[in-house]
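A.B. asks: Following this message is one structure expressed as structure tokens.
The values are calculated or read from the model by the stated rules, or taken from the named source; none is laboratory data. Please read these numbers as outputs of a predicted model, since none were measured by experiment. For neighbour counting, all protein chains shown are included, and Cβ atoms are generated from backbone atoms with ideal geometry for every residue, glycine included. For the accessible areas, the whole protein counts, side chains as well, though only heavy atoms, and no ligand, DNA or RNA atoms are used. Shrake-Rupley method; radii C 1.70, N 1.55, O 1.52, S 1.80 Å.
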Amino acid sequence: MSESVVRVRDLHTRLGGAWIHRGLDLDIARGEVVALVGGSGSGKTTLLRELIGLGTASRGSVELFGQPLASPDPIAARALRRRFGVLFQHGALFSAFSVYDNIAFPMRELQLLDEDLIRELVLLKLAMVELQPRHAPLMPAELSGGMVKRVALARALALEPELLLLDEPTAGLDPDRSAAFVHLVKLLHEQLGLTVVFVTHDLDTLAALATRVAVLAEKRILAHGSLDEIVTMDHPFIRNFFAPGMRVRGPH
Amino acid sequence: MLVSASIQMLNVPGEGEALAKVAGAWTLAGLSADMPRLLAELRSAAASASAWNLDDLQALDSVGAIMLWRAWGYHLPAQISMDGATRAWFERLERYGVGPRAVPPPESPLAPLMRLGGRVLAFGRQLVDVAWLLGQLALDVLHLARHPSDIPFAETSANVYKAGVQAMPVTALVGFLIGVVLSYLSALQLSNFGADQYIVNILGIGIVRELGPLLVAVLVAGRSGSAMTAQLGVMRVTEEIDALAAMGISRTLRLVLPKVAALVLAMPLLVVWTSTVALFGGMLAAQVQLDLDMGFFVATLPRVVPSVNLYIGAVKGVVFGLIIALTACHFGLRVRPNTESLAANTTTSVVAAITLVIFADSLIAIATRGVGILR
């Protein structure tokens, strides 16, 4: 079970004349829930975007499921992209589509499923993220912040991904909603056996969800291990990051 | 390595029962290779099988689970053998209430009438909105008359520059070309009658009074009207208009009024500019085609085109500018926070502005039919 879902080697990224990553290595095994933490501007979101092929590194390689993202064959590239789902920080729901159509969109793009099956799948995904069928006809503009995240999560889950990437999943949610959202992701992880990579600033989210933590600092992955291992490390950034109100309570 | 999905009918000897054996990876990836065949096989298996065996199932996701669930008629078959994780899937489906589609209620026979009524009401609401916008603008002007320090000079001047000065090259180019075309076409007809010199009358009246204002209006509606609608629309989408309102700044005063004022100021000037360039184009073409001296053209023009035509053209510019800016702002403020609405309102804004301009143009033409034309 030690197959790497994500494998980053010697990644260098240069943005606006400054090095964001220099010699970054990262391995994420199947079934892990990895939190990517780091200071503001440390390149967490940039790394996440490079993992999903939205940004290109200046040097180095990124492989998902053992395959490079940039494939000369568009069919293979698309097939690889269907194996992961992304939850963008602000949801990135299609504003012209209803909740139903947002979730149905990737399924229809497959051109494989009939409309009845899609309908049942959409209702199932909605139920999975604890939304009601009556929410299906709503437009994204009519949703609250927490609901936008749930719908976006349902859309990310639409094509049965093996890998789920979350950018700041609980940013902008109040503590109650953020705890509920974390619980939801955790439940989905258990039910579907997903590999989850998420970027966060929130220590509560981190402690509740992550099985492993990757610390991004000094332009590379400074440390990668379980939360207990990380917090005992003696490094100024890690001390500062985990110092305020650290709840030394592992995820298990 | 996962084996792709399969379904197999086994006849249990002696008991006369058919056992359906489901095996492989019933996931989106595993099913996608041969979806239609599997669906057909599943349907026929569901019709004949009395017992199900899912022990060799290697993987299951919601697509596979729902396909099986649907084939079973949304409940578990009486005789089924499967492991706990698979059972958990179907229990979840049952808990989430995944079931057949509810039949939509039949459409009322009055539905077309109701749709028509809805459209009429929507149109009525738009008229109310326009009236509200006009009223608010009037109040704003009154307010500014009493508090001149609130006049948004900077915004107005920025809009005059964007909608007026920056439109000069394109209106000049289009005006010049239309002048040339008009002159060529008229010259061919006129020379048949030996009435060459009347080209000055035709171009003068036609361009100054009619074509100049209309050309500018169409160009400005397409160029600035759409930009205004899109700008206000995006400001609505990003809640910038709400932010302004929260700061106690009137959106009509700061956003709508400067646009209206700018177009009312800039349009007559653009009309004069475009008409001049178009006349120049016509004059050049007349020189080439009819060998009509430019000095003669310039000397004859004020004689055959009374100066009141220039005023009519300028007034048309003011009216058209008012129509374009108001239409653009009206539709901009109607944009709802989604991309579809932004696109639809921008299109409608330009189409409505041009239609209204031509409508107003015909009204003005009828009202001024006895003015400024030599008989």
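A.B. asks: Between A:Leu209, A:Leu157, A:Leu138, find the one with the highest GNM mean-square fluctuation for chain A; connect C-alpha pairs within less than 10 Å.
C.D. replies: Taking springs between Cα atoms under 10 Å, the residue moving most is A:Leu138.
A.B. asks: Suppose every Lys and Arg Cβ carries +1 and every Asp and Glu Cβ carries -1, with no other charges. What dipole size does the stretch A:138-189 come out with about its Cα centre, to the nearest 20 debye?
C.D. replies: Numbers: 5 positive and 7 negative charges, 20 e Å.
The calculated dipole for the stretch A:138-189 is roughly 100 debye.
A.B. asks: Among B:Leu253, B:Ser341, B:Leu232, flag the residue with its Cα farthest along the positive direction of the charge dipole of chain B, charges on Cβ as +1 for Lys/Arg and -1 for Asp/Glu.
C.D. replies: Checking the options against the dipole of chain B, the answer is B:Leu253.
A.B. asks: Would you compute, from DSSP H runs of 4+ residues alone, the mean residue ellipticity of chain A at 222 nm, taking -39500 (n - 2.57) per run and dividing by the full residue count, rounded to the nearest 500?
C.D. replies: Working: 9 runs with 91 residues, N = 252.
So the helix-based figure for chain A works out to -10500 deg cm²/dmol.
A.B. asks: I've got another one for you. Provide the per residue accessible area, probe 1.4 Å, for the protein assembly as shown, rounded to a whole number of square angstrom.
C.D. replies: Numbers: 30640 Å² over 627 residues.
Normalised by residue count, the accessible surface of the protein assembly as shown is 49 Å².
A.B. asks: Rounded to the nearest 5, what % of the DSSP beta bridges within the protein assembly as shown are antiparallel ones? Walk me through the numbers before you get to the answer.
C.D. replies: On the way: 27 of 55 bridges.
Among the beta bridges of the protein assembly as shown, antiparallel pairing accounts for roughly 50 percent.
A.B. asks: Using a 7 Å offset from Cα along Cα-Cβ at B:Arg95, what residues in the stretch A:111-135 end up with backbone N under 15 Å from the label point?
C.D. replies: Of the residues in the stretch A:111-135, A:124-131 have backbone N under 15 Å from the label point off B:Arg95.
A.B. asks: Using r as the Cβ-Cβ distance of B:Val181 and B:Ser157, and R0 as 45 Å, what FRET efficiency do you calculate, to the nearest 0.05?
C.D. replies: Working: r = 35 Å, r/R0 = 0.78.
The calculated FRET efficiency here is 0.80.
A.B. asks: Using a Gaussian network model of chain A whose springs link C-alpha atoms within less than 10 Å, name the residue from A:Phe181, A:Phe84, A:Phe97 with the highest mean-square fluctuation.
C.D. replies: Greatest mean-square fluctuation among the candidates belongs to A:Phe97.
A.B. asks: Order the following by accessible area, largest value first: B:Val288, B:Val181. Probe radius 1.4 Å; ligands, DNA and RNA are ignored. Please list the in-between numbers first.
C.D. replies: Numbers: B:Val288 105, B:Val181 80 Å².
Output order, biggest surface exposure first: B:Val288, B:Val181.
A.B. asks: Would you mind computing, in nm to one decimal, how far apart the modelled labels at A:Ala77 and A:Ser4 are, each placed 7 Å from Cα along Cα→Cβ?
C.D. replies: 2.3 nm
A.B. asks: Further question: The stretch B:52-72: which residues show an accessible-area loss of 50 Å² or more, assembly versus chain alone, 1.4 Å probe?
C.D. replies: B:Ser62, B:Ile66, B:Arg70
A.B. asks: With label points built 7 Å along Cα→Cβ from the Cα atoms of B:Ser108 and B:Ala243, find their separation and express it in nm.
C.D. replies: Roughly 4.4 nm, to one decimal.
A.B. asks: Could I ask something else about it? Residue-wise, which Karplus ³J(HN,Hα) couplings in Hz belong to the stretch A:169-174, taking 6.51 cos²θ - 1.76 cosθ + 1.60, θ = phi - 60°, and x for glycine or proline?
C.D. replies: Using θ = phi - 60°, the values come out as x, 10, 5, x, 10, 6 Hz.
A.B. asks: Something else now. Quick one: how many Å² of A:Asp27 are accessible to a 1.4 Å probe, rounded to 10?
C.D. replies: 50 Å²
A.B. asks: Same structure again: Give me the inter-chain shielding for A:112-124: mean count of other chain Cβ atoms within 10 Å, whole number please. Don't jump to the answer; show the numbers that get you there.
C.D. replies: Numbers: counts 7, 7, 3, 1, 4, 6, 2, 3, 14, 7, 0, 6, 10.
Mean partner-chain Cβ count within 10 Å for A:112-124: 5.
A.B. asks: Rounded to the nearest 100 Å², what is the sum over both chains of accessible area buried where A meets B, with a probe of 1.4 Å? Working shown, then result.
C.D. replies: Values: alone 12110 and 20510 Å², together 30640 Å².
Buried area between the two chains comes out at roughly 2000 Å².
A.B. asks: Something else now. If you average the sequence gap of Cα pairs under 8 Å that are 6 or more apart and divide by the length of chain B, what percent do you get for the contact order?
C.D. replies: Numbers: 476 pairs, mean separation 61.6, N = 375.
In percent, rounded to a whole number, it is 16.
A.B. asks: Then there's this: Taking the Cα centroid of the stretch B:136-152 and of the stretch B:192-245, what is the distance between the two, rounded to the nearest whole Å?
C.D. replies: Measuring centre to centre over Cα atoms gives 27 Å.
A.B. asks: If you don't mind, another one. Could you list which residues have their amide H under 5 Å from that of A:His21, counting only those 5 or more apart in sequence or on another chain, with H placed in the peptide plane?
C.D. replies: Result for A:His21 returns A:Thr13.
A.B. asks: Which value in deg cm²/dmol, rounded to the nearest 500, describes the helix-derived mean residue ellipticity at 222 nm for chain B, given -39,500 (n - 2.57) per DSSP H run of n ≥ 4 and division by the residue count? Write out the running numbers ahead of the final one.
C.D. replies: Numbers: 15 runs with 251 residues, N = 375.
Rounded to the nearest 500, it is -22500 deg cm²/dmol.
A.B. asks: In whole percent, how big is the carbon plus sulfur part of the accessible area of the protein assembly as shown, probe 1.4 Å, protein atoms only? Mind showing how you got there, number by number?
C.D. replies: Numbers: 18860 of 30640 Å².
Of the solvent-accessible surface of the protein assembly as shown, carbon and sulfur hold 62 percent.
A.B. asks: Just to check I understand the Karplus step: with θ = phi - 60° and J = 6.51 cos²θ - 1.76 cosθ + 1.60, what whole-Hz values come out for the stretch B:349-363, glycine and proline as x?
C.D. replies: 4, 5, 4, 5, 4, 5, 4, 5, 4, 5, 4, 5, 4, 5, 4
A.B. asks: When all protein chains stay in place, what accessible area (Å², nearest 10, 1.4 Å probe) is found for B:Phe359?
C.D. replies: We get 130 Å² for B:Phe359.
A.B. asks: What percent antiparallel are the DSSP beta bridges of chain A, to the nearest 5? Let's see the in-between values first.
C.D. replies: On the way: 20 of 38 bridges.
The answer is about 55 percent antiparallel.
A.B. asks: How much of the DSSP beta bridge set in the stretch B:6-96 is antiparallel, as a percent to the nearest 5?
C.D. replies: Once the DSSP bridges in the stretch B:6-96 are tallied, antiparallel ones form about 45 percent.
A.B. asks: Something else now. Which value, in debye to the nearest 20, describes the size of the charge dipole of the stretch A:101-252 about its Cα centre when Lys and Arg Cβ atoms bear +1, Asp and Glu Cβ atoms bear -1, and nothing else is charged?
C.D. replies: Numbers: 15 positive and 21 negative charges, 73 e Å.
Charge dipole of the stretch A:101-252: 360 debye, to the nearest 20.
A.B. asks: Right, something else. Report, by chain and number, residues whose modeled amide H sits under 5 Å from the one on A:Val86, excluding near sequence neighbours (fewer than 5 apart, same chain).
C.D. replies: Excluding prolines and chain starts, which carry no amide H, the hits are A:Leu165.
A.B. asks: Placing +1 at every Lys and Arg Cβ and -1 at every Asp and Glu Cβ, with all other atoms neutral, what dipole size does the stretch B:6-96 have around its Cα centre, in debye to the nearest 20? Write down the numbers at each step before the final one.
C.D. replies: Working: 7 positive and 10 negative charges, 56 e Å.
Rounded to the nearest 20 debye, it is 260 debye.
A.B. asks: Could you give the length gained on full extension between B:Asp291 and B:Arg303, defined as 0.36 nm per residue of separation minus the Cα-Cα distance, in nm? It would help to have the intermediate numbers written out before the result.
C.D. replies: Working: separation 12, 0.36 × 12 = 4.32 nm, distance 2.02 nm.
Full extension from B:Asp291 to B:Arg303 adds 2.3 nm.
A.B. asks: To continue, here is another question. Please work out the Cα center distance from the stretch B:314-375 to the stretch A:51-70, rounded to the nearest Å.
C.D. replies: If we compute the Cα centre of each part, the gap is 52 Å.
A.B. asks: Using θ = phi - 60° and the Karplus form 6.51 cos²θ - 1.76 cosθ + 1.60, what ³J(HN,Hα) does each residue of the stretch A:10-17 get, whole Hz, x for Gly and Pro?
C.D. replies: These are the phi-based 3J(HN,Hα) values: 6, 7, 10, 10, 10, 10, x, x Hz.
A.B. asks: Hey, another quick one. At most 15 other Cβ atoms within 10 Å and a DSSP loop assignment: could you name the trypsin sites (Lys or Arg not before Pro) in the stretch B:1-91 that fit? Before the final figure, lay out the partial values.
C.D. replies: Numbers: sites: B:Lys21, B:Arg37, B:Arg43, B:Arg70, B:Arg87; in loops: none.
For trypsin sites (Lys or Arg not before Pro) across the stretch B:1-91 that sit outside H, G, I, E and B with at most 15 neighbouring Cβ atoms in 10 Å, the list is empty.
A.B. asks: Counting other C-beta atoms within 10 Å, and keeping those with at most 11, which DSSP coil chymotrypsin sites (Phe, Trp or Tyr not before Pro) do you find in the stretch B:18-112?
C.D. replies: Taking the stretch B:18-112 and a limit of 11 other Cβ atoms within 10 Å, no loop chymotrypsin sites (Phe, Trp or Tyr not before Pro) are found.
A.B. asks: Assuming a ≥ b ≥ c are the square roots of the Cα gyration tensor eigenvalues, decide whether the protein assembly as shown counts as rounded (a/c under 1.5), prolate (otherwise, with a/b larger than b/c) or oblate.
C.D. replies: On the way: a/c = 2.60, a/b = 2.00, b/c = 1.31.
Prolate, since a/c reaches 1.5 and a/b exceeds b/c.
A.B. asks: Please enumerate, by chain and number, the lysines with C-alpha under 17 Å from the C-alpha of B:Lys21, excluding those fewer than 8 residues away in the same chain.
C.D. replies: The qualifying lysines are none; the list is empty.
A.B. asks: Let me ask something additional. Averaging the inverse of every distinct alpha carbon separation and then flipping it gives the Kirkwood radius. What is it for the stretch B:119-367, in angstrom units?
C.D. replies: Numbers: mean 1/r = 0.0513 Å⁻¹.
Every distinct Cα pair counted, the radius reaches 19.5 Å.
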